[in-house]
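Written out below as structure tokens is the structure these notes cover.
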Amino acid sequence: MTTKTCNTCTTEKDTTEFNKRAASKDGLNARCKSCIADYRASRKEAIAETNAKWSKKNPTYKKKWREAHAGYMAEHRSRTRAGLASPKWLDEVAISEMQSVYAKAHLWTQETGESYEVDHIVPLNGDTACGLHTPDNLMILPRAINRRKGATLLQEDA
Ligand SMILES: [Zn+2]
């Protein structure tokens, strides 16, 4: 068996414990799968905390968000009625989760001075896949990256 030492937990592990990464010399991520999982979990907490603070300071954001996204909502309501999309997306939790994604992008832009945008991981109207306007399908990208992302990201995720 082939092993590799994780650069984060410094543990020597079987190479199957590492995700593939084409850009690396050995074709593997420097961090093992469990370190990546830990990192994601800690980030999630930090983000939730930031969101909570932000929402407190911006109590009208949710209302404004609903207004700004009235088009999406109407679209999804009609899709749902037509049996095309999950009806779950419209519940309160989904809305507040999506609101925090947008809030976060806004906050990052303010804090870093770099423009962040919210984008759909799977495009709403892609050629091969049709994504949903749901929290799971949203991500934040610096504007510069967002503009050149194109289809590459989708292929990597697939
Ligand atoms: Zn590790």
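Please treat every number below as a calculation from the coordinates, not as lab data. As the structure is a prediction and not an experimental result, all values here were calculated from the model. Positions of Cβ are generated from backbone atoms using ideal geometry, with glycine treated the same way; all protein chains shown enter the neighbour counts.
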HN-Hα couplings for segment 38-55 via Karplus (6.51, -1.76, 1.60; θ = phi - 60°), in whole Hz with x for Gly/Pro, come out as 4, 4, 4, 5, 5, 5, 4, 5, 4, 5, 4, 5, 4, 4, 4, 4, 5, 4
For the table LYS56/LYS104; LYS4/LYS25; LYS4/LYS104; LYS4/LYS33; LYS57/LYS104, the rows whose alpha-carbon distance is greater than 24 Å are LYS4/LYS104
Listed by chain and number, the residues whose amide H is under 5 Å from that of SER115, excluding neighbours fewer than 5 places away on the same chain and using placed H, are ARG143
Sorted by chain and then number, the residues having a modelled amide H within less than 5 Å of the amide H of CYS9, at least 5 places away or on another chain, are CYS32
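With N denoting the number of residues in segment 6-67, provide Rg(C-alpha) divided by 2.2 N^0.38 Å, to two decimal places. Provide the component values of the computation, followed by the final result.
Values: Rg = 18.4 Å, N = 62, 2.2 N^0.38 = 10.6 Å.
In units of the 2.2 N^0.38 Å rule of thumb, it is 1.74.
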Here, trypsin sites (Lys or Arg not before Pro) of segment 1-37 satisfying both criteria (DSSP loop; at most 15 other Cβ within 10 Å) are ARG21, LYS25
